[in-house]
Amino acid sequence: MQGVVYRKTQQGLAEMVNRSSGLAAKSRQLLIQIDGIKTTDQLVTTLSGRELLQALLELEWDGMVEKIAGQIGPVPAPAPTAAAIPAPSPITLGSKQLAQIRQIVYISNNTHLRGELDEWIDRVLGQCADLAGLHQCLQHWESLMTSRGHGAVAQSYLQQISAILRR
């Protein structure tokens, strides 16, 4: 399993917020560590060997993580930036899309920014109704993540957001 890169699925992101699957503490800690960038041997966890392999496979079987296809080693740069999100337009966002994107930003806020954007997520991001507004919000979020040293993680999240917007 060395060199394999996993990323959270939508179900995994939802589990981070809802805690509805009853994951064991070690599995939850492993899920938190998975970011689409670190290889399995770079994850900081109390699990090792067979126990780590079993936990990764269970998360994968439960649909919470997925291997990044064809990846052995770190995810190559460059990843998309907020500018790569579809160009601003008056196209409205679906409520499901916006909810999924808010979930991603919420998780990144709690995991990497220590809740710094709590109010902003509700007040500003929650009011985005079209791609133009979302684009501005994501630029602000990406800028803050990058300034706090989490630019690579932000790129991983932006890939997930781009996938949501393509649906």
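The values are calculated or read from the model by the stated rules, or taken from the named source; none is laboratory data. Since the structure is predicted, the reported quantities are computational estimates derived from the model, not experimental observations. Note that we place each Cβ from the backbone using ideal geometry, even for glycine, and neighbour counts take in every protein chain shown. Only protein heavy atoms, including side chains, enter the accessible area calculation; ligands, DNA and RNA are left aside. Shrake-Rupley method; radii C 1.70, N 1.55, O 1.52, S 1.80 Å.
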Could you look through the stretch 144-167, keep only residues that are open to solvent by 60 Å² or more (accessible area, probe 1.4 Å) and touching a residue at least 24 places away in the same chain (Cβ under 8 Å), and pick out the one that is farthest from Tyr6 (Cα to Cα)? Arg148
What number of residues within the stretch 1-57 are polar (S, T, N, Q) and either in a helix (DSSP H, G or I) or under 17 Å from the mean Cα position of the chain (by Cα) (or both)? 11
Here is a list: Ala77, Ala25. Which entry is at pLDDT below 80, of a type in the set (Gly, Ala, Ser) and over 15 Å from Ile164 (Cβ atoms)? Ala77
I need the helices (runs of 4 or more DSSP H) fully contained in the stretch 112-167, keeping only those with at least 1 residues that are within 21 Å of Gly12 (Cα to Cα) and of a type in the set (Ser, Thr, Tyr). 151-166
Among (1) open to solvent by less than 30 Å² (accessible area, probe 1.4 Å); (2) at pLDDT 80 or above, where does Ile85 come up short? (2)
